[in-house]
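Encoded as structure tokens, the structure appears first; notes follow it.
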Amino acid sequence: MNRIDLDGRRAVVTGGAQGIGRAIAERLLDSGAAVALWDRDRALAEATADELAARGRTTAVTVDVVRLDEVEAAVAVTRDVLGGIDILVCNAGIAGPSLKLWEYPIEEWQRVVDIDLTGVFTCCRAVVPLMMAQNYGRIVNVASIAGKEGNPNAAPYSAAKAGVIALTKSLGKELAGFDIAVNCITPAAARTRIFDQISQEHIDYMLARIPRGRFLKVEEAAAMVAWLCSAENSFTTGAVFDLSGGRATY
């Protein structure tokens, strides 16, 4: 494993208690950063923080990213504990049920869009002023290949992830005058607990679309994110980095 230089950096990873978020937290810790795991599952986040403590300074913060007041409170707690925030990885998300658009319950549509898109907005909105004040920051938003191509039976998820891509591009332009890089990744599916939310038919569909012939490994996502979070990533902003195993090369 190449060690990215993140010594002295303070990072937030939303949805950091499990899956891709946990893998990202592990890689950032191994690269020298202190990491705050933001997650709405208090018990799981605290257990993960305890398990990762041997790798570096880790803290768990309970927060629902949909609620701006909770996100602002989480920023205050993280700033007090870590001394500031240099890195924000917006990873928290859900898949939602696998249904045709015309069968989708409106409350489920809203829940997916709230968590997957509005949650990115609230976190960026709350953290960006700190980064502007210090003229430094790295933001990585976790979108999805579904945001590029649109997965059938996943209209709200696809729409929300497309929104994350557009949000990233807009914010990257807004912050281009600062040493703040804002980028996103578009991973194909990884075998995490999010698979528990979707049908086997949908899982089979996603695998069949990947030329590599396998699902993404969470460590592969973490490796790309770690570099995007580094000072070396000093010019690229508002960009979309593919992690789809060849499914989409644009």
The stretch 1-120 - Debye-derived log10 I(q)/I(0), Cα point model, q = 0.13, 0.16 Å⁻¹: -0.51, -0.72
Cα-only radius of gyration and Dmax that characterise the stretch 129-226, units Å: 15.6, 48
Neighbour-limited loop hits for trypsin sites (Lys or Arg not before Pro), the stretch 91-170 (at most 13 other Cβ within 10 Å; DSSP other than H, G, I, E, B): LYS100
The chain - percent relative contact order, Cα under 8 Å, separation 6 or more: 20 percent
Separation of alpha-carbon centers, the stretch 1-59 and the stretch 134-168, rounded to whole Å: 22 Å
Rg over Rh, two decimals, the chain (C-alpha only, Kirkwood Rh): 0.94
Estimated [θ] at 222 nm from DSSP helical runs (n ≥ 4, -39500 (n - 2.57)) normalised by residues in the chain, nearest 500: -13000 deg cm²/dmol
Solvent-accessible surface ranking, highest first, for MET224, MET132, MET206 at 1.4 angstrom: MET132, MET224, MET206
Kirkwood hydrodynamic radius of the stretch 32-76, Cα pairs, Å: 10.8 Å
Å² of accessible area per residue within the stretch 1-54, as computed with a 1.4 Å probe and no ligands counted: 41 Å²
Average accessible area per residue (Å²) across the stretch 98-250 - probe 1.4 Å, nucleic acids and ligands excluded: 46 Å²
Helix 68-82 vs. the chain, principal-axis angle (Cα, 0 to 90°, nearest 10): 40 degrees
Percent carbon-and-sulfur accessible area, the stretch 6-72, ignoring ligands, DNA and RNA, probe 1.4 Å: 40 percent
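The values are calculated or read from the model by the stated rules, or taken from the named source; none is laboratory data. Quick caveat, the model's predicted, so the values are computed rather than measured. Here the Cβ is made from the backbone with ideal geometry for all residues, glycine too, and neighbour counts use every protein chain on show. Ligands, DNA and RNA are stripped out before the accessible areas are found, and what is left, the full protein with its side chains, is counted by its heavy atoms. Shrake-Rupley method; radii C 1.70, N 1.55, O 1.52, S 1.80 Å.
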